[in-house]
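The next block holds one structure in the form of structure tokens; read it before the comments.
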2 protein chains.
Amino acid sequence: MKIAQQSGDIAIELAKRQREIGVAEFFSRNRHLLGFDNKKKAILTTVKEAIDNSLDACEEADVLPELIVEIIEMGPDRYRVVIEDNGPGIVKEQIPNIFAKLLYGSKFHTFKMSRGQQGIGISASVMYGQLTTGRPARITSKIGSKKTAQYVELILDTQKNAPKIMKEEEIEWAKDHGTRVEIDLEATYTKGPQSVDEYLKQTAITNPHATIIYTNPKAEQIIFPRATDVLPAKPQAIKPHPAGVELGVLINMLQWSDSRTLQAFLTNEFSRVGGDTAKKICENARLLPTSRPKEMSREQAESLMNGIKATKLINPPTDCVSPIGAEALEKGLRKEVNAEFYSSVSRPPSVYRGNPFIIEAAIAYGGQQPGDTVASVLRFANRVPLLYQQGACAVSKSIIKTNWKPYGLSQSQGAIPVGPITILVHIASVWVPFTSESKEAIAHYPEIIKEIRLALQDCGRKLSMYINKKRRIATEGKKRSYIETYIPHVADALIELVELQKSDDAKIRELLAEILEKHRGKLEDIEFDPEANEEFDEEMSKIGKEQETEDGEELNDDD
Amino acid sequence: MKIAQQSGDIAIELAKRQREIGVAEFFSRNRHLLGFDNKKKAILTTVKEAIDNSLDACEEADVLPELIVEIIEMGPDRYRVVIEDNGPGIVKEQIPNIFAKLLYGSKFHTFKMSRGQQGIGISASVMYGQLTTGRPARITSKIGSKKTAQYVELILDTQKNAPKIMKEEEIEWAKDHGTRVEIDLEATYTKGPQSVDEYLKQTAITNPHATIIYTNPKAEQIIFPRATDVLPAKPQAIKPHPAGVELGVLINMLQWSDSRTLQAFLTNEFSRVGGDTAKKICENARLLPTSRPKEMSREQAESLMNGIKATKLINPPTDCVSPIGAEALEKGLRKEVNAEFYSSVSRPPSVYRGNPFIIEAAIAYGGQQPGDTVASVLRFANRVPLLYQQGACAVSKSIIKTNWKPYGLSQSQGAIPVGPITILVHIASVWVPFTSESKEAIAHYPEIIKEIRLALQDCGRKLSMYINKKRRIATEGKKRSYIETYIPHVADALIELVELQKSDDAKIRELLAEILEKHRGKLEDIEFDPEANEEFDEEMSKIGKEQETEDGEELNDDD
């Protein structure tokens, strides 16, 4: 052993075992990183990836999306997931890479809001499907009405992270253009929260321009018809903003840049950096604007970072983010949640760490929603529903930090309010910040929490106006009916007290009713206190009881 | 637009945007998948990866590990992490790939217990360090006492997922052999749970053969000396077991196999499948043993899966798993946790989904541990501490499901018990199953939970024997002191009652003490009931009070 250590034999031996690990191999072993270690999540992730692609493609092509989703039970714990869209279709050459190559896509490198952010995509579902069932994925695609459709059966070669085509042919397809994906996989189908049914319903809310036709494993068909014919504005790709750039990324950018001077580098590579701002940054960084980016050292890059931090910058452009819009959001919510009152708001754009974002919120109150349960919370990021990790999410934190009592709900300390209400929050951003542990809980950036709370308060205020008005009307109605119930008694009492004629009974009641009418205007302006209502009840019933007692005594006296 | 759709222009345009995404690019954007989206976790992950490598290397080389760990504060939120070991060192050619290439390593492809399971490794820390500070990692390595040491400064090229050497030279180094890693990174250093300090202390418990010398940012040096000179047994690589293989993996294995027949394939590729078992599997699968693996269809592979499931198989070999051992585990716990009683157990090997695993547990009771707080729970997987996600872990579930009251602790329904106790659970396995959402919570396989509970009950029983004995001794001591306190009074009472001489007082006390001695043996055998103790107290004090009252009255009578 000692000799081995001296000569380094062990190190040499160990070195022989070192090898590259393929990306697909890595992810097939570490499936939990992609959401596939859990059979219930597997079906959800597959539906999500396919729908994201379909909606994105339709919007790129300015087509109002019509999605067909089918989940078919193939056996115990085995399902076929089918998703078909009317989008632009996929050219023949790209089909294999898009569906059967991990880390291949179009959205990763552009700096704009998009549904898929991670860059894994549908290939992970194809891989998971073949690992658990051995069956290839089946893709049908047509790019124009004058073309035939491509039909491809393929699997992902996990050793090479490359597609392997098992079958391909041209077929006739009735659709003008679109894509159809079929994947068989080992999965669990359930209803309830965190189910495909719930996912599609929520997707329908934040994509009111899309029609979704869904057939579940029980062969029940559920249609989510579109509520608007207006396509959302397309987000525009922008350059990164200097406030958000990390030192190591900056060093890389300097290395790769074609700009000959630091001044040009700053104005070319970043958004919202004009000539003056670039000069100021260089001054604050104590660097010459004529420095050559490729020749800058690490220390100089660090000085540049500090120069950027010390310079006042204009916020990044926000057309890279496309909100749903308050009106469309409310339409979406109206069609999926049965309530008596709706309110929605779309906040102006804001920034966290150089990344533009927009918060939108909506609420649905009353109707068939149960009043004694905790509020239903719907969370979305870039129009995509987040079904997991609600407790850890910045949305939950913002809801809890908001005081809902002035808005007519009850709420314990540090808890989600209780009442017949659905609260919806949507964050649209170039880069949605998720927490370390999860891809479904939004990280607690103070800028984001602040915006969510402002949006919630906006909706809450409108809610409380509605609730107060409703209460006033109810209270008035109650008071009126009290008064109407008691007018006869009051009339009788008056008659006795002031020794009026019983024949005047009718007149007195009329008079009292008149007085009521006169005061009705005033009643509308009074904010009735529910507790005052109770006091009123008590007084009335006391009067009633005294009445009874007196009657009783009188009766007794007769005994 | 319509023309574009007909001719497929949009699809063609979209196709141009499709690109490959580099692995390193992907992970630098999705840092949360690696534990680097959080500055506190960043430092912990870096320390963990480096220590895993050092311990693994020392054990491969049969060297008792001596690790030097330094965390140096370089500025606000910036730390230098240094880890040096006395292992076999790394050959010059391998240094760049091991430290600056993601998905490169030696443990991923072998089927045996190992600390690092994911295959990411130290390269992620190097990448994170350079992204946040711009500084390269600095590696020093020496493979034999007759060699010079290699010194390398390198970064990870994120576009290519390849190392880029900034500097390299040969230097003199006093050590005979070993590796030293220095990484600067943006991080947060804290004390308390989920801190580096806690991580190292727990690592010292489950690696009692290692000495760790730790200098924290306050320049305090903490030494964890080894408690044993015995190296753990080396786990042996085994072939996969048929019970654990997935359909897609089986299909791949059939494709890649060199075996000419199905019979040979089964006996060659799997562990514990001999000729007879292979024949039975083929029978149950309704396949000819002479079938050619490469020519088998998907349906045939599925039949083979079913055949495997229908055949009784011997459990896999367990030398792929190397437990710590009850004795070593207790030694480790003793040196790090101050208590009055320790107990440990190492269960026999078991299997979940074809993967061998061993559960070990230990407890430390009493001493300086506070008695009114919830039990301290330490969890380990393959000797590595798990600091996060305790609530979701199978270990917690097993502790909660176990009834600790018979063992002398208090415990609410569905909760961890309360008491001055540390509970340690270690799972050693070829493949430790983590939950979907986390790499630190063990998945709730019934086989695993059962084994953990059996281990806990074993320790619990020993604990209750200790506690009962302790209680008995205390109670006896108490009773004895009662008796000794009251012997004088009893003596006096006897003297009065039977009109003995006061001069006999001494004799009587002697007699009573003798009687006490005679009965002492019997007292040891009686399980004293604490409540009986209280009754005894009450009686004695009553007698005392009566005495006082009489005395008082007597005094009063004298007034």
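Quick look at the values:
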{"read-out": "For residue B:146, inter-copy label distances in nm, listed shortest first [label point 7 Å out on the Cα-Cβ vector]", "value": "7.9"}
{"read-out": "Over the range B:119-206, relative contact order from alpha-carbon pairs under 8 Å, at least 6 apart, %", "value": "28"}
{"read-out": "Partner lysines for residue A:507 [C-alpha distance under 27 Å; skip if fewer than 8 residues away on the same chain]", "value": "A:478, A:479, A:518, A:522, A:542, A:545"}
{"read-out": "Cross-link partners of residue A:164 among lysines (Cα-Cα below 23 Å; sequence separation of 8 or more within a chain)", "value": "A:92, A:101, A:142, B:16, B:294"}
{"read-out": "Calculated label separations, residue B:497, copies of the chain, 7 Å along the beta-carbon direction, nm", "value": "8.5"}
{"read-out": "Calculated [θ] (222 nm, deg cm²/dmol) that DSSP helices of n ≥ 4 give over chain A, each run adding -39,500 (n - 2.57)", "value": "-13500 deg cm²/dmol"}
{"read-out": "Neighbour net charge for residue B:220 - beta-carbon separation under 12 angstrom, K R +1, D E -1", "value": "0"}
{"read-out": "Calculated label separations, residue B:414, copies of the chain, 7 Å along the beta-carbon direction, nm", "value": "1.8"}
{"read-out": "The range B:192-237 - percent relative contact order, Cα under 8 Å, separation 6 or more", "value": "30"}
{"read-out": "Counted charge near residue A:65, where neighbours are those whose Cβ lies closer than 10 Å (Asp, Glu -1; Lys, Arg +1)", "value": "-3"}
{"read-out": "Using alpha-carbon coordinates, inclination of helix A:446-497 to the longest axis of chain A, degrees", "value": "10"}
{"read-out": "Helix B:247-256 axis, angle to chain B major axis (alpha carbon atoms, nearest 10°)", "value": "50"}
{"read-out": "Helix axis angle, A:196-206 relative to chain A longest principal axis, alpha carbon, degrees", "value": "80"}
{"read-out": "Mean separation of Cα contacts under 8 Å, 6 or more apart, over the residue count of the range B:250-330: relative contact order %", "value": "33"}
{"read-out": "Number of Lys pairs (Cα under 25 Å; 8 or more positions apart or on different chains) in the range B:326-465", "value": "13"}
{"read-out": "Around residue B:136: net Lys/Arg minus Asp/Glu count, Cβ-Cβ under 10 Å", "value": "+2"}
{"read-out": "Within 10 Å of each Cβ in A:21-34, the average number of Cβ atoms from other chains", "value": "5"}
{"read-out": "For the range A:287-343, with +1 on Lys and Arg beta carbons and -1 on Asp and Glu, the positive-most of A:315, A:287, A:328 along the dipole", "value": "A:287"}
{"read-out": "Length added when fully stretched, residue A:256-residue A:314, from 0.36 nm per residue minus Cα-Cα", "value": "18.4 nm"}
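Every read-out reported here was derived from the displayed coordinates using simple, explicitly stated rules and does not represent laboratory data. All figures in this text were calculated on a predicted structure; none of them were measured in a lab. Please note: Cβ atoms are built from the backbone with ideal geometry, for glycine as well, and neighbour counts cover all protein chains shown.
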